[in-house]
Amino acid sequence: MAAVLESLLREEVSVAAAVRWIARSTQSSEDSPGEAAVLNSLRPLRKEFVPFLLNFLREQSSRVLPQGPPTPAKAPGASAALPGRPGGPPRGGRGPRSQLFPATETPSTAAEAPLTRRGGRRRGLGPARERGGRAPGVPEEGVVGDSLSWAGGRRLRGSGSPSSPSLTLSDPPNLSNLEEFPPVGSVPPGPAGRTKPSRRINPTPVSEERSLSKPKICFTSPPISCVPSSQPSTLDTSPWGLGLPPGCRSLQEEREMLRKERSKQLQQSPTPACPTPELGSSLPSRTGSLTAEPADPSRVSSPQRLELVALVYSSCIAENLVPNLFLELFFVLQLLTARRMVAAKNSDLELSQGALDSLESPLFQSIHDCVFFAVQVLERQFQVLSSLDKGTLKLLAENERLLCFSPALQGRLRAAYEGSVAKVSLAMPPSAQAVSFQPETDNRANFSSDRAFHTFKKQRDVFYEVLREWEDRHEEPGWDFEKGLGSRIRAMMGQLSAACSHSHFVRLFQKQLLQMCQSPGGTGGTVLGEAPDVLSMLGADKLGRLRRLQERLLAPQSSGGPCPPPTFPGCQGFFRDFILSASSFQFNQHLMDSLSLKIRELNGLALPQHEPGDEDGESDVDWQGERRQFAVVLLSLRLLAKFLGFVAFLPYRGPEPPPTRELQDSILALRSQVPPVLDVRALLQQGLRARRAVLTVPWLVEFLSFADHIVPLLDYYRSIFTLLLHVHRSLVLSQDNEGEMCFLNKLLLLAVLGWLFQIPTVPEDLFFLEECQVDAFEVDIAASEHGLDSVPVVDQQLLYTCCPYIGELRKLLASWVSGSSGRSGGFVRKITPTTTTGLGAQPPQTSQGLQAQLAQAFFHNQPPSLRRTVEFVAERIGSNCVKHIKATLVADLVRQAESLLQEHRVTQGQEGGDPAQLLEILCSQLCPHGTQALTQGREFCQRKSPGAVRALLPEETPAAVLSSAENIAVGLATDKACAWLSANITALIRREVKAAVSRTLRAQGPEPAARGERRGCSRACEHHAPLPSHLISEIKDVLSLAAGPRDPDEGVSPEHLEQLLGQLGQTLRCRQFLCPPAEQHLAKCSVELASLLVADQIPVLGPPPQHRLERGQARRLLHMLLSLWKDDFQGPVPLQLLLSPRNVGLLADTRPREWDLLLFLLRELVEKGLMGRMEIEACLGSLHKAQWPGDFSEELATLFNLFLAEPHMPEPQRRACELVQPNRGTVLAQS
Amino acid sequence: MILTKAQYDEIAQCLVSVPPTRQSLRKLKQRFPSQSQATLLSIFSQEYQKHIKRTHAKHHTSEAIENYYQRYLNGVVKNGAAPVLLELANEVDYAPSLMARIILERFLQEHEETPPSKSVINSMLRDPSQIPDGVLANQVYQCIVNDCCYGPLVDCIKHAIGHEHEVLLRDLLLEKNLSFLDEDQLRAKGYDKTPDFILQVPVVMLCPLAVEGHIIHWIESKASFGDECSHHAYLHDQFWSYWNRFGPGLVIYWYGFIQELDCNRERGILLKACFPTDIVTLCHSTA
């Protein structure tokens, strides 16, 4: 490989030819014969060039990137005392690769073991190895030859001069042998276990200084944790704690140490980590010591060489030969912002001065070199840079090194900044909103049984209770999801017995997920760059304070650098942990079904296509909406796909790949039998064909990011990766042909794909390995000339929302400004931004036939809003039509059913027969009328649709277009409504009639009086009558006074009683606040009051002789009561209680007994028609059955006789008095 | 009417072991003249119910029931007209209506062949005339009319109060021109949880000290005092369920509440003791 680079450096080969050679295996006619000869000789090495180059650059920069002051704490010894630091260089004499690839390993071993991941190898073989075994046509010797030529060549030339500095500093085998220095390698499993960082294109630890540097961390992604931990623990001590002898320190000391280590780490590495308060407070003082070495263009050691390498490197980036564009940009910006170079041994530096044109001298000999190189690359990446957000552009444009090394680039960046409108902002979202209850899907009719309905009702409440508790507590230290909520969740899931309940719950779960997490948990929150204007106002030195303020305001969370692992930020964590805690097979299955369905639905959504050339204001408004809609759909899809991937691969995921080849083979054999949860390959192929990659690829990446180690080895998924690689390679940013994909669309795809290629479970070699297959692969994308891809649907906001890690660039630049390299990794807002917009358009109606084709054709040349409008109108009118039929036709039929029922009861009598039979009779009469529904439905759609279309389309729509649109809308609406009606009308009528029948039967139940038409109060009534509750309470007080016990001074005044009855009349006449139970109780109380009056049992206030109510007053009160009963009570009054043994018995206690009031009352009752004589006689008769004192029985008998003796006269009142009084007087006198 | 926790505790302190009679209520009103009677009665009733819930079990052991029944029988043998049952209830610190139920149930067990059903007992308590024994009927009746916390009459009063406030609220909504769906309409549509009113168009309620208003989707009327116990029960059974389905809403405790309980405003459950005055609707604002 080095040979290639050296040929370049020696200018034997032009850069263009070299890149062509790398990118395409075939020789190009543009190459000169000399070039071709050189390149041909190197042909076997072609595919290894890029990984080599990347590693070469990383390695060369290793002395620069350990940023921060060389404080004593960072001396090698101190670091070495802390084994197991994540990503730290391994301890021991040999580097990891020397362990992985012993120098004695021969090519034949490699050939025998392609694809293996042996126990000791873990992430396994470098690409060189695997390629050696797999790729056809690549001679195995090539691998060896390459490394030999590199080593040999160097040795030959190096014989005169001792060595390059790196060589002297390193463990010789590491550098001299590519076998030991595979371009892409991994860190062996450290003591930290699962916190192992993923492989990356890593600089080899070649020097003592290397142990200080942390470039590995900044390029690594922490592994996916499938353990439900709601947040990164700030006290996660495992990496450091292991180094401490147990028990030798108090916990407090240990924590203190950890904190120090943490801040050291922060200072020396740009790796984002949790900022600690100490860090913040110490910042201002530290800034002084962190002043960067000034960079001077005139002191660049070897500009030509650097320029050449920069050119090759840039070309590789431009051709998408590097796996991750933004990772390379991050690397370049690291070089740009490097503070100082770790001092190499002087002798090395001196020695290297002589060999500037070869690779033997270090590429970067000083900060000046680094900055020069970085600026060279940036100049060639201007197009990408200019598409970054405004904050990043500002930081770049203000970078003094950049200004110093390339004023031209600075000028372009400034201009780009000034012209940029790409402000990436984070709206503060509202806190969680619940999924609203929709009767159409959630009421009883949607459940199999009452029990299922009520169970689900409870579950909904438990779900939100759990969610609220999580919101309140998940940030508390020590709170654990599983411990706090696990058992409750499982108990709830346990109640979901019926399959239908599962689907209801899953729908709720999925809707809530979409509602809360549509945009990824605020990881786009790049706080420093967010308000560049504020920052410039404050000045850089205030940044520390601002930062501390932010630290206080925002929950710190480590972000994973430019290549974070897939995570569940913010609220997504809740849903992830819920799934894990629920650990319910049924739930997961239903969830996958539901997610797959929704993904298919959204992925197939007819997103409008922007017509170029229609740029006036009106379409701009449309355009905003379209772009927003795209963003909503895309973010929803990504979220759903992420969870689908998570659940689908959950059973297979583990931290480690299978340990042996045999095991892996058997797993592969097994897994290849399992059909994919969703046919993502077909969807991807469709997406590519329809040129909708910009929609399909980002969600597919989310899905695949949760794949387990085996997945990429399965043929099915391997072919997907191959396709994706092809897509990646084809997204050359500099090509901007007509009909091609838009720039930002490409950038989004490059970012997400680049990120995917860094996921630990994706084999590291995949990117470089699949090349030849990619070459052979061609996707037919000509099928549709205008796809979503060529519509500028992606803007910076969406790009940064989907790929928050791009914000790392800004953070890196901002940390340069703030003078701190120990930056915090990123502040993640607690609450995630969410879009509240709905998903708008519905999937198109797929009706068959010529008409449908014509309609499609009609829409093709119309603005997309027209189609959306028509579909929308059709959908709504169709739906309304069904409701209209329910409200008219069905309601009429129900009324008919009710009157039929009445007739039936009249003819058959009260006992009318079996309700089920009755229902059958009614339905058989009424259901045939359902056929009218279709006619009426058609009429309705015909009548309503055109107006709606007309109202929604712009006025200048040509008449012909308008009428076509109206017709299509009518047709679609009719189709929709009639399809539903013809399938469901009979069932609907049946259901409604059934409900009406049971309603009628219930209403005619035991309380016939409750049915009657109730009179309301008059219109003029102002509802000032006393409240019924107040009256009941007052009457109750009187009753309790009468019943006793009472204090001597307690009693009621006759006026109060009169007032009370007056109020009762008012209330009964007003009725505004009266409910039937209150009226019933008032009626009963009034009867009891009457009994007390009759028996003279009401204690009257006043001096002792007047403790009884005057007869006249009592009569007046009884009159009032009688008139209330007759005129004002609308419900039944239990008058027979007047003659109940208990109330009549009240008379027994009085001495002397007075019967005249009772007799008076009975007469009045009869006279007013309140009670019949027979009824009273029956009551009096039954009174005899009770046990009474002897004399009382006699008196009662007399009363009975008196009442019976009364003639039925029209005016019995006076006569009765005349008749009764003398007799009664004698009776009473005797007793 | 909105009390601080401390104010509430002071009132509640005075209610320990006070029998639920009209005399007790009168004394309470004298003790706290500044509080509204309805609020005091509501607090008293709730405190007493808490007390009964705590002690319910010990009155329902078979020994206790037997003991009460014997004491009742001895009492009425001596003097059937004396308030035997009422005094017994007050003496053992139990609600008179509930004591009446215990004795009635025991009585019927003794005199009927089959054990009495709940509905028979309820019906006899509602109308003591149905009780076959005249003396017991009078005793039961006396207990019921003298109990201001339990019994069919009290239940009816509570129900009526609740209904009246719903009507009041409905009138206020109509007056403000806010369209709504009431409980019956919601039930007819098949809603599984039904607040008193769901606003068809949400409103914003402004708060004097807050910059932002609170969105209100639903309103629940509670004709009682909002103490901790009842509020938490309501939150669990009703308010959160409403939130879970309809979003943020308003609870009106017409007889006041403990100020400290109004802590879920940001979450979307707002407490008031009357109909809010500062309401902003979608199109125009009304003062």
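The values are calculated or read from the model by the stated rules, or taken from the named source; none is laboratory data. All of these numbers come straight from a predicted model, not from anything done at the bench. Note that each Cβ is placed from the backbone with ideal geometry, even for glycine, and that neighbours are counted across all protein chains shown. Each accessible area value is taken on the protein alone, full model and side chains, heavy atoms only, with ligands, DNA and RNA left out. Shrake-Rupley method; radii C 1.70, N 1.55, O 1.52, S 1.80 Å.
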- Item | Spin-label model distance (nm) - A:R451 vs A:A979, 7 Å beyond Cα toward Cβ | 3.7 nm
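Rounded to the nearest 0.05, what FRET efficiency do B:N67 and A:R444 have when you use their Cβ-Cβ distance and R0 = 51 Å?
Numbers: r = 48 Å, r/R0 = 0.94.
It comes to 0.60.
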- Query: Using a ≥ b ≥ c from the Cα gyration tensor of segment A:1100-1205 (square roots of the eigenvalues), is it rounded, prolate or oblate, where a/c under 1.5 gives rounded and otherwise the larger of a/b and b/c decides, a/b for prolate?
  - Reply: oblate
- Query: Pairs B:K158/B:K272; B:K53/B:K118; A:K598/A:K811; A:K394/A:K598: which exceed 30 Å Cα-Cα?
  - Reply: A:K598/A:K811; A:K394/A:K598
- Do you know which residues of segment A:449-480 lose at least 40 square angstrom of accessible area in the protein assembly compared with their chain on its own, with a 1.4 angstrom probe? A:K457, A:D461, A:R468
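Taking 60 Å as R0, compute the FRET efficiency from the Cβ-Cβ separation of A:D679 and B:R54 and round it to 0.05.
Details: r = 62 Å, r/R0 = 1.04.
Calculated value: 0.45.
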- Can you give the angle from 0 to 90° between the axis of helix B:62-78 and the longest principal axis of chain B, with both taken from C-alpha atoms, to the nearest 10? 60 degrees
- Quote to one decimal, in nm, the extra length available between A:E656 and A:R1069 on full extension: 0.36 nm per residue of separation minus the C-alpha distance between them. 140.5 nm
- Tell me, what is the 1.4 Å probe accessible area of A:D472, in Å² to the nearest 10? 90 Å²
- For A:A682, what charge total do you get from the other residues with a beta carbon under 12 Å from its beta carbon, if Lys and Arg give +1 and Asp and Glu give -1? +2
- At a 1.4 Å probe, which residues in segment B:2-22 are at least 40 Å² less accessible with all protein chains present than in their chain isolated? B:R22
- Just add up the charged neighbours of A:D708: K/R +1, D/E -1, any other residue whose Cβ is under 12 Å from the Cβ of A:D708. +1
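Using packing as a proxy for protection, rank A:454-463, A:788-797 so that the peptide with the highest average count of other Cβ atoms within 10 Å comes first. Show your work: numbers first, answer last.
Working: A:454-463: 19.0, A:788-797: 22.2.
So the peptides A:454-463, A:788-797, ranked by packing, come out A:788-797, A:454-463.
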- Which value in Å does the Kirkwood hydrodynamic radius of chain B take, with 1/r averaged over all unlike C-alpha pairs and then inverted? 21.3 Å
- Task: Select from segment B:163-181 all residues whose loss of accessible area on going from the chain by itself to the full protein assembly reaches 30 Å² or more (probe 1.4 Å).
- Result: B:H163, B:E164, B:V167, B:D171
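Let me check something: with ligands and nucleic acids excluded, how do A:M516, A:M1174, B:M1 order by accessible area (1.4 Å probe), largest to smallest?
Details: A:M516 10, A:M1174 150, B:M1 100 Å².
Listed by decreasing accessible area, they come as A:M1174, B:M1, A:M516.
Determine the dipole magnitude for segment B:212-287: charges of +1 sit on the beta-carbon of Lys and Arg, -1 on that of Asp and Glu, nothing else is charged, the reference point is the Cα centre, and the result goes in debye to the nearest 20.
Numbers: 5 positive and 9 negative charges, 47 e Å.
With only Lys, Arg, Asp and Glu charged at Cβ, the dipole is about 220 debye.
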- Can you send over the carbon and sulfur percentage of the accessible area for segment B:150-264, probe radius 1.4 Å, protein chains only? 55 percent
- Item | Check: chain B dipole with +1 on Lys, Arg Cβ and -1 on Asp, Glu Cβ, in debye | 340 debye
- Averaged across the residues of B:192-205, what count of C-beta atoms belonging to other chains lies within 10 Å of each residue's C-beta? 1
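Taking each pair of distinct Cα atoms in segment A:636-687 once, what is the resulting Kirkwood hydrodynamic radius in Å?
Details: mean 1/r = 0.0769 Å⁻¹.
Computed over segment A:636-687, the radius equals 13.0 Å.
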- Task: For each pair in A:K994/A:K1084; B:K50/B:K222; A:K483/B:K58, compute the distance between the two Cα atoms and list the pairs where it is over 26 Å.
- Result: A:K994/A:K1084; A:K483/B:K58
- Message: For the full complex of protein chains and a 1.4 angstrom probe, list A:E471, B:E110 by accessible area with the highest value first.
- Response: B:E110, A:E471
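Taking square-rooted eigenvalues a ≥ b ≥ c of the alpha carbon gyration tensor, is segment B:57-161 rounded, prolate or oblate, where a/c under 1.5 means rounded and, failing that, a/b exceeding b/c means prolate?
Working: a/c = 1.38, a/b = 1.22, b/c = 1.13.
Since a/c stays below 1.5, the shape of segment B:57-161 is classed as rounded.
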- Task: Determine the principal axes of the Cα atoms in segment B:1-124, then give the extent along each, sorted from largest to smallest and rounded to whole angstroms.
- Result: 54, 29, 26
- Task: Calculate, for B:E260 and A:A960, the FRET efficiency according to 1/(1 + (r/R0)^6) with r their C-beta to C-beta distance and R0 56 Å; round to the nearest 0.05.
- Result: 0.25
- For peptide A:1037-1048, compute the average count of partner chain beta-carbon atoms within 10 Å of each residue's beta-carbon. 5
- For the peptides A:644-655, B:145-156, what is the packing order when you average, over each peptide's residues, the other Cβ atoms within 10 Å and list the highest mean first? B:145-156, A:644-655
- Query: Quick one: buried accessible area between A and B, total over both chains, 1.4 angstrom probe, nearest 100 Å²?
  - Reply: 4000 Å²
